Amino acid sequence: MCNLYSMTTNQQAIREAANVMTDRTGNLPPLPEIWPNGMAPIVRNSEAGRELVMTRWGMPTPPGALKGRKVDRGVTNIRHTDSPWWRRWLGVEHRCLVPLTAFAEPEHLPDGKSRQVWFARADGEELAFFAGIWCRWRSVRKLADGETEDDLFGFLTTEANREVGGVHPKAMPVILTRPKELDLWLTAPIFDAVRFQRPLPDDALAFVNAPEG
């Protein structure tokens, strides 16, 4: 599963690509390493149009998986969109675009160790978007903070294409690259939107070096 990605492009590129009307992120620095439970930008629908905001990575964990735990660190990747737990957040009011410039998958090595292998678009374009969902939720994300109310996000996963499958055969993130795809993910009826839960074509991704801060 993808539990590490980067977003190092500038805000204006995100605003233009996703037709953002309101930017609430302030001065957004490059984010070469975004980890679970960290803050990252998303584009979501609002009454005033699309807005760019900072949210925490990790949707609420289903209650059955939280038994005995005091902290909910969240679910970063969502595969089973037919589950009632996730389906409640598939309407347009809870869909979002998660900007990225590269993402990593762990490769398990023969000596038992692992390393992060990074992927980016192979067509030379820098910016892409995960197909995401978001919600506002009260939970204990960090024990020291106690219960807090946070805007949370995660993104969909699907079967791996050839490049990702060579490193992580089970899954890859759902990635959107075309303007029409971005618009439809944020606006289309659920029946049409879930059709985007599919891998990128083979050869659409390239191996890249780890992003620099």
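Observations
- Where a residue in region 117-130 is on the phi > 0 side of the Ramachandran plot and part of a loop (DSSP other than H, G, I, E, B) and its partner, wherever it lies, is exposed (fewer than 15 other Cβ atoms within 10 Å of the Cβ) and modelled with pLDDT of 95 or more, with Cβ under 9 Å and at least six apart: none
- Selection of region 138-157 for residues being surrounded by 10 or more Cβ atoms within 10 Å (Cβ to Cβ), farther than 25 Å from K170 by Cα and among the small types (G, A, S) yields only S139.
- The residues on offer are E16, E33, E47, and the sole one that is of a type in the set (D, E, K, R), assigned to a helix (DSSP H, G or I) and surrounded by fewer than 19 Cβ atoms within 10 Å (Cβ to Cβ) is E16.
- Which numbered condition E163 fails, given (1) within 25 Å of M39 (Cα to Cα); (2) charged (D, E, K, R); (3) without any contact (Cβ under 8 Å) to a residue 60 or more places away in the chain: (1)
Per-residue answers, yes or no, for (1) over 15 Å from G132 (Cβ atoms); (2) touching a Phe, Trp or Tyr at 6+ places or on another chain (Cβ under 8 Å); (3) assigned to a loop (DSSP other than H, G, I, E, B):
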position: C2; (1), (2), (3): no, yes, yes
position: V43; (1), (2), (3): no, yes, no
position: L52; (1), (2), (3): no, no, no
position: V71; (1), (2), (3): yes, no, yes
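- Residues being assigned to a helix (DSSP H, G or I), crowded, with 17+ Cβ neighbours inside 10 Å and touching an Asp or Glu at 6+ places or on another chain (Cβ under 9 Å) - total across region 164-183: 1
- Test: residue in region 70-82 that is more than 26 Å from V43 (Cβ to Cβ), crowded, with 17+ Cβ neighbours inside 10 Å and not small (G, A, S): no
The values are calculated or read from the model by the stated rules, or taken from the named source; none is laboratory data. Keep in mind that what you see is a predicted model, and the values were worked out from it rather than measured. Every residue, glycine among them, receives a Cβ derived from its backbone with ideal geometry; neighbour counts consider all protein chains shown.
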